[in-house]
Amino acid sequence: MTHRLFTVFCASLAWWLGVPVLAQPTPRESMIEHVAEVAAPGIPGPLVLAGDNAFPIVAGKQGKAQHAVIAGATAGQGRIVAFGHTGYLDAGVLKVADTGLLFDRCIRWAAGDRGGPTIGVLGDAKLAEALRARGFNAAEFSGLRPSDLAVFNAVCIPTHRLRDEDIETLQDYIREGGGVLAAGLGWGWLQLNPSRTIREHPGNRLLMWAGLGFGDGMLDRTRGEGFGIAPSLPDTLRADAAMERLAAGDVLQADESAQVAASISGAIRVIDPTHPVFARARELLAAATDRKLPQARKPVRAGDVRDRVLLALDLELELRAKPDAIRPHAAAAFFPGEVPADASRLRREVATNPDRRGWQGTGLYAPPGEVVTVFLSADAPKKGLRVRIGCHTDTLWHHDAWRRFPDIARESPLAPGVNRVASAFGGLIYLETPARAPRLSAVIEGAVESPRFILGETTPEQWAALKNAPAPWGEIETAKIIVSVPSEALRALADPTPVLEMWDKISDAHAILGTIPLVTPRPERFVADEQISAGYMHSGYPIMTHLDAVDEMTQVEKLRAGSWGLLHELGHNRQVGDWTFSGTGEVTCNLFALHAIDTVCTPPEGTRGHGGVDKPPSFEQYRANGAKFEHWKRDPFLALHMYVQLQEAFGWETYKKVFAEYRALPDDQRPRTDAQKMDQWMVRFSRACGHNLGPFFVAWGVPTSDEARASIADLPVWMPEGVTPASGSEPGSGSDSSESGGQ
């Protein structure tokens, strides 16, 4: 107390004498001193800031806007630091760049700037040990009762583990002066909880009362392999400050517009309707007399701040509404399309296939803004059964221009009895069943017919009628591949059988190379879309394409010619991490594309499906420039050329042999690091083809260890015709993976 009085006296004396008093650094300024870069574990997600008690510490990029990836807040008597990925509580991450230094300061601040604070780590002995090594009095703990927390000044909490009772206990702990360092990941949690909204994320239920939360989406790195530390960050990273700028009618520069729209839109999806930001957004909606709607030729752009905010609000109002209160969204007319008012609304019984996983089509379509009722028998599973409306699952919030509404697919849990669902955008209707569920019957009422052709089931006579069904989207499918496209493309097909048979051949070619069963429980899906989340196409479930790929997916001549993009994305879904090391994510998938081109497709004579294969980057020039592995990793077709050389010399059978060997590996023999992956790939391929490929890998600059190269020294050396081994390519030549960036 004496020290505080003396400090106040000195400050008062300085003011009376006219001596300037240096401003105290803000918490952020103290935290980031001498911090240049922090790690980006995995793909972090954005944090939501929605109160003047919250402040960003580190930011990442999403399009033209920034979002906090580390942020702080005061609440009650306590302090909070939130991290946009659970990996920030990984002991190893503290060693990356300046992450440990920043983390130390976050701990001290959260603990109330006490000297020698006692820190608790929930369920992570390694992090507790790492913090002790950094000078903290840290201990692992397992319970979240008040008595468990009372012994700590601050605690480190992975939010995905929290139960309802834990959240209330932690909130009381913060109010009473405790510190919490909370890590979570919005987009990852949503993937694991597909029927829930981001508002329900345990971290949001824990922290949003304090103006902090976990948003959806992914953040781009800003420096090196992580996030650079800016001297200052705009206050509009906070949604409340951004709303002040928007409501005041301020003239915003381009970068400011993107920031204001992104901050408010992200917060609206998380905050409570009583929050001032949400309430002011509703006032803007009520006052809006004209609105810009996303469409292909007139997208809603980053500068359309008010319209982007209102679209985010539209979504939240829909998600929070009862099915009977949902109306068609005006943007649904542009995409995915309207359903004719006079189209018959049907009542139809459908059944699930107990041997199939993933989305199970029904051949029905939910009209925008209309209630669809799903009736289930009393003996249906009480958990795990869901209904999906819409196949366009990509969200577009991070894009600078929206050519369709950013989020149009809906999913709801089903229970025995009567289930009422609706979507403002409509879409194809699917059922999803839990694992090992028996055959289930459901009655769906209020939907319209969609074009649907199933190879081996739908007759030509049935298709002649079905292809004219009124829904704007339909599907053609086999037991291996399902294609979702606009109905107008399907109505042009007199008989989908030839194109579906071609799809089966392509699927078989990929499966044969990967040595996996030809038919799997979950068929692969391709969905065409007006706009997708990333790239020209992307893999996943479903594989997403733009609308310009519809002809390639539905016209057998174009598909048979070898659509590299479609084959490439399907190849991604067949990749295996054991033999896909750093720099080959966009390479090994092309082996499947190339195998299909060679075995079932008929590309133009003298070609193999892609110019990067027909005329690859020069191996000789690459060697002349020093055969640098970092260059190799950045050029997918240069790297693919190495794999093609092996295929041309030893055939596809050798690849199949190696892939089968990997599939049979016990877990304790699987490679864990990049260095192990490169060593095993070289050794296993060498043994499979009967030649020493060590000098070949050295010539390509792909790093491997002395031990791995020595293990195949008994085999005869192979190099492509006309290529001589590099000098010193024997074991001990200095091409060890630990020295060449292989880890």
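The values are calculated or read from the model by the stated rules, or taken from the named source; none is laboratory data. Everything quoted here is computed from the prediction, not taken from an experiment. Here the Cβ positions follow ideal geometry from the backbone for every residue, glycine too, while neighbour counts run over all protein chains shown.
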field: Single match in Gly112, Gly100, Gly45 (criterion: surrounded by fewer than 23 Cβ atoms within 10 Å (Cβ to Cβ) and either part of a helix (DSSP H, G or I) or under 22 Å from the mean Cα position of the chain (by Cα) (or both))
entry: Gly100
task: Among what's in the range 647-676 and is among the hydrophobic types (A, V, I, L, M, F, W, C) and more than 33 Å from the chain's Cα centre (by Cα), pick the residue that is surrounded by the most Cβ atoms within 10 Å (Cβ to Cβ).
output: Phe650
- prompt: Where in the range 529-630 are there helices (runs of 4 or more DSSP H), lying wholly inside it, with at least 1 residues that are among the aromatic types (Phe, Trp, Tyr)?
  reply: 564-572, 589-599, 619-624
field: Of all residues making up the range 666-685, the number that are out of contact with any helix residue (DSSP H, G or I) (no Cβ under 7 Å at 6 or more places or on another chain) and not basic (Lys, Arg)
entry: 8
statement: The condition from (1) part of a loop (DSSP other than H, G, I, E, B); (2) of a type in the set (A, V, I, L, M); (3) touching a residue at least 24 places away in the same chain (Cβ under 8 Å) that Ala241 misses is numbered (1)
statement: Just one listed residue, out of Gly217, Gly249, is in the same structural domain as Asp104 (by the TED database), over 30 Å from Gln77 (Cβ atoms), in a loop (DSSP other than H, G, I, E, B) and of a type outside the set (A, V, I, L, M, F, W, C), and it is Gly217
statement: The number of residues in the range 282-340 that are more than 24 Å from Asp240 (Cβ to Cβ), in a loop (DSSP other than H, G, I, E, B), of a type in the set (Gly, Ala, Ser) and over 26 Å from the mean Cα position of the chain (by Cα) is 2
- prompt: Going by the conditions given, is Val305 free of Cβ contacts under 8 Å to residues at least 40 places away in the same chain and either out of contact with any Cys (no Cβ under 7 Å at 6 or more places or on another chain) or exposed (fewer than 14 other Cβ atoms within 10 Å of the Cβ) (or both)?
  reply: no
- request: Only one of these is of a type in the set (S, T, N, Q) and either under 26 Å from Leu567 (Cβ atoms) or touching a residue at least 24 places away in the same chain (Cβ under 8 Å) (or both): Asn692, Asn625. Name it.
  value: Asn692
- request: Could you tell me whether any residue of the range 529-545 is surrounded by 18 or more Cβ atoms within 10 Å (Cβ to Cβ), among the aliphatic types (A, V, I, L, M) and out of contact with any Ser or Thr (no Cβ under 8 Å at 6 or more places or on another chain)?
  value: yes
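Residues checked against (1) touching a Pro at 6+ places or on another chain (Cβ under 8 Å); (2) in contact (Cβ under 8 Å) with a residue 60 or more places away in the chain; (3) assigned to a strand (DSSP E or B); (4) in the same structural domain as Ala366 (by the TED database):
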position	(1), (2), (3), (4)
Gln462	no, no, no, no
Asn468	yes, no, no, no
Ile476	yes, yes, yes, no
Val483	no, yes, yes, no
Ala494	no, no, no, no
Leu500	no, no, no, no
Lys505	no, yes, no, no
Val519	no, no, no, no
query: Going through the range 576-612 one residue at a time, which ones are crowded, with 20+ Cβ neighbours inside 10 Å and among the polar types (S, T, N, Q)?
result: Thr584, Thr588, Asn590
